[in-house]
Amino acid sequence: LRKSIAMPHPLPVFVSSLICVLPMASSREASAEALSVEYSLLDSGLREGLLEAAYTVTALLAVIGAREIFLRCRRRPASRAPPRDKLGYACGSQAGAETGKEPSTELPSSAHPRRVSERVNSERARKSETDMLAAAVRSGRAAELPELLDAARARSASCDQPQRDIEIGHLLSALRSCAARHCFREALRAYDHVANRIGGGNAAIWSLLLYSAVEASDFKRCEAFWLRLCSLGLPSGQDFVNIVRCYAHWHDTKGLAAVLSKLRTSGFQLDGVNRNRALAVCAKSCDLSMAEMLVNDRVCEVPMDTISYNTLMMTVSHCGEPERCREICDQMQRAGLEPSEMTFGILLDACISARDFEGAERTFEELRRSGLKPNVVHFTTYMKGLACSGQLHKATCVLEEMLQTDTKPDLVTYSTLVKAHSDLGCVQGAMKVLERMLSHGVIPDAVMFNIILSGCSAKAMEASQVSHVLQWLMRRGLQPTATTLSILVKAFAKTCSWVAAIDLLDSAPSRLGVWPEVRVYSQLVQACAKAGDGVMACRAYGAMALASRRDGMAVDESTRQRLFRLCSSFGPDIAAQLERWS
C-alpha cells in the first residue's frame, strides 16, 4: 500500500490492496494502520486530480465503520501551514519556544468541530438561499419574488445570523439578478414586500433600487432612494448619472443644483467618463441649462475632453440652437483639443438643421483639410444638405467623389440621393442613381422602390409613363404591395387617369400578385369625387363592390356608407346606380 502511493496512477493498485487488507483488519490497531495508509492514498488521489479514486476510497472506508472514520477525518491535523502572527512567526512553535513546553494541541471551545460545522452549515444555507433566488430570476420567475423571499425567510429562521442581515442578503441577491435580467418593476415589487424587514439596508441595495426605478420610469421614487444611499456614504459615478436621469426627466434644474451643492460639501468628485454620460442624458432630454450646469460645476475638476465638447454640441443642436455649435467648437480648439470625426459630423448636422447650406459646405471643406478621413455619415449628411438646397448636380458629383475613395456609399446614402430626385419629380435621375447602386452591389429595399414611384406623383406623368416605371422597377426586384398600389393610384390621380387606375386594381391579383385593400379603393373613390367626376367615383365604388364579392374582401359598414353618401351627392342617377351596385 505504501509503495502504491508513489505511483503516478495508484488507483488499480490501492483499490485491490484495500479490498484485501481492510477485511483482515480485525483489531483496532490494524484498523488504525489501514486507515492511515488509506488517508495517504486519498490525499495522493486528490493531489493527482483522480476524483474517481477519491470516490472509490471513500466508499471502501465504510467497510470498517462510518462513525470511526468520520471522527478520524475531523480530528486529522490540517496539511496547511500553522497560523502565524503579525511578525510572520508560527504561533504554536513560538509559544513552545518561549515556554519550553510543547504547544498544546487542544482546540478552543469556539473552534470545536461541532460548532465550526454549525457555522459552516449556516453559511452554506444562507448562500444556498441566495443562489436559489438568483436562479429563480434567471428562469423567468421574477414575478414570484415576494413569495420566494418569504419562503427563504422561513427556511433561514434557524440560522445563527441576525434575521435582518439574512433578509438584506436575500433582497440584495434578488435585486442584482433582476438588474441583470432587466426585471426592474419586479425588483421594486420585491423591495416593497420586504421594506419593513431590512431596516436601513446597505448602500448596494439603495443603488440597485435607484437604478431599477430609473429604468422602470418610476421617477417619483428616485429621490427617496438617492437620499437613503447618500446617508450611508458617497454615491458612485453611476448613481450620479441615474439621479441626473431622474431630474432630466422632470427638467428639474433646481433639484439638480441642490444635489450638486450637497455633493460638493461632502467631497464627492465626479470622473470624466460619468460626466460625459450625464451630459449625454441632458442631450437626450434636450435640457441645455442642465448640461451647462454640469459643465460649469466644480463637482468634476477633470478638464473637458473632446467627447465632453461633442456631447455639449449635440445638446445645443438638439435644443434648437445649432448656431452655437460653432462657438463650442472654437472653444474646444482654444483649449488645445482638435476636432474629431464626430465633431465634424455634429457640425454638418447642425448646419443642415439650420438650413445653413453654405456653412455645411465650409464645414465639409474644413474636414477635408484637417487630414481626417470623411466617413459615410459625413458624405451622406453633406449630400443631404446639397439636395435640400436644390444642388442635385453637385450632390451627384459628391457621390462620384465618394466612389473614388475607400469610403463606399451604403443604402442610406443612395436612398438620400434617390429621395432628393423623387421629391423634385426627377424620376429619371432617381432611376440612374438606382442603376449605379445596383452596379456597385448594393441591394435596394422596398422603401427605395416606393420612393422612386412616389416621384411619379410629384409632377404629372402620363399613365403609360407611370406603367413603364413600374415595369422597369419590377425587373430590378420590386415586389408590389398594397402600398405600391396606393402610390400608383395617387400618380394616376395626378392626371385624372381614372380608367387606368381602375384597370390596375382589377388586374392587380393576376398581373402584380397583390390583392388591393379596401383603403386603396376608398382612396380612388375619394380622388374621383374630389375631382368632381361623379361617374368615375360611382364606377370605382362598383369595382370595390365586385372585388368584395369576387375575392371575399370585407368592407366594413361605416366605410361603405361613407362612400355611398359621397357618391350620392352627385345626383339621383348616380344614387340609383349605387343602389344597383349595392
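Need the failing condition index for Arg245 against (1) modelled with pLDDT of 95 or more; (2) over 22 Å from Met313 (Cα atoms); (3) open to solvent by 10 Å² or more (accessible area, probe 1.4 Å), just the number.
(2)
Restricting to the stretch 142-178, count the residues that are touching a Leu at 6+ places or on another chain (Cβ under 7 Å) and of a type in the set (D, E, K, R).
Total satisfying the criteria: 1.
Collect the residues in the stretch 319-347 that are closer than 14 Å to Lys373 by Cα and not acidic (Asp, Glu), keeping them in residue-number order.
The answer is Pro339, Ser340, Met342, Thr343, Phe344, Gly345.
How about the stretch 169-198: which of its residues are within 19 Å of the chain's Cα centre (by Cα) and either surrounded by 15 or more Cβ atoms within 10 Å (Cβ to Cβ) or charged (D, E, K, R) (or both)?
Leu175, Arg176, Ser177, Cys178, Ala179, Arg181, Cys183, Phe184, Arg185, Glu186, Ala187
Sort out which residues of the stretch 132-168 are under 20 Å from Leu209 (Cα atoms) and open to solvent by 70 Å² or more (accessible area, probe 1.4 Å), and write them in order of number.
Residues satisfying the conditions are Arg138, Arg141, Ala143, Glu144, Glu147, Arg164, Asp165.
Please specify each residue of the stretch 358-371 satisfying the condition of being surrounded by 17 or more Cβ atoms within 10 Å (Cβ to Cβ) and either of a type outside the set (A, V, I, L, M) or within 30 Å of the chain's Cα centre (by Cα) (or both).
Gly359, Glu361, Thr363, Phe364
So if I check each of Cys351, Cys397, which one is part of a helix (DSSP H, G or I) and either without any contact (Cβ under 8 Å) to a residue 24 or more places away in the chain or among the acidic types (Asp, Glu) (or both)?
Result of the check over Cys351, Cys397: Cys397.
For Gly336, work out the one condition from (1) farther than 30 Å from Val259 by Cα; (2) in contact (Cβ under 8 Å) with a residue 12 or more places away in the chain; (3) not in a helix (DSSP H, G or I) it doesn't fulfil.
(2)
Has the stretch 210-217 got any residue that is of a type in the set (S, T, N, Q) and buried (at least 16 other Cβ atoms within 10 Å of the Cβ)?
yes
Looking at (1) modelled with pLDDT of 90 or more; (2) farther than 16 Å from Phe449 by Cβ; (3) part of a helix (DSSP H, G or I); (4) within 48 Å of the chain's Cα centre (by Cα), which one does Ala540 not meet, given that it meets all the others?
Looking at each condition in turn, Ala540 falls short on (4).
Within the stretch 425-436, does at least one residue satisfy the condition of being over 30 Å from Ser467 (Cβ atoms) and free of Cβ contacts under 8 Å to residues at least 12 places away in the same chain?
Restricting attention to the stretch 425-436, the residues satisfying the condition of being over 30 Å from Ser467 (Cβ atoms) are none.
No, the stretch 425-436 contains no residue that is over 30 Å from Ser467 (Cβ atoms) and free of Cβ contacts under 8 Å to residues at least 12 places away in the same chain.
Output the helices (runs of 4 or more DSSP H) that fall wholly within the stretch 410-481 and possess 2 or more residues being at pLDDT below 95, of a type outside the set (Ser, Thr, Tyr) and within 14 Å of Thr396 (Cα to Cα), or say none.
411-423, 427-439
Only one of (1) surrounded by 17 or more Cβ atoms within 10 Å (Cβ to Cβ); (2) closer than 27 Å to Gln561 by Cβ fails for Arg519. Which number is that?
If we test Arg519 against (1) surrounded by 17 or more Cβ atoms within 10 Å (Cβ to Cβ); (2) closer than 27 Å to Gln561 by Cβ, just (1) comes out false.
Step by step: first the residues of the stretch 372-390, then only those that are at pLDDT 90 or above and in a loop (DSSP other than H, G, I, E, B), then the one that is surrounded by the fewest Cβ atoms within 10 Å (Cβ to Cβ). Which residue is that?
Once the filter is applied, the top-ranked residue is Lys373.
Being over 26 Å from the mean Cα position of the chain (by Cα), charged (D, E, K, R) and closer than 30 Å to Asp356 by Cα: is that true of Arg298 here?
no
Among the residues of the stretch 482-497, count how many are open to solvent by 20 Å² or more (accessible area, probe 1.4 Å), assigned to a helix (DSSP H, G or I) and over 21 Å from Lys432 (Cα atoms).
Here the count works out to 5.
The values are calculated or read from the model by the stated rules, or taken from the named source; none is laboratory data. Predicted, not measured: the structure shown is a model, and the values here were computed from it. Counting neighbours? That spans all protein chains shown, and the Cβs are built from the backbone with ideal geometry, glycine included. The accessibility values were calculated without ligands, DNA or RNA, using every heavy atom of the protein model including side chains. Shrake-Rupley method; radii C 1.70, N 1.55, O 1.52, S 1.80 Å.
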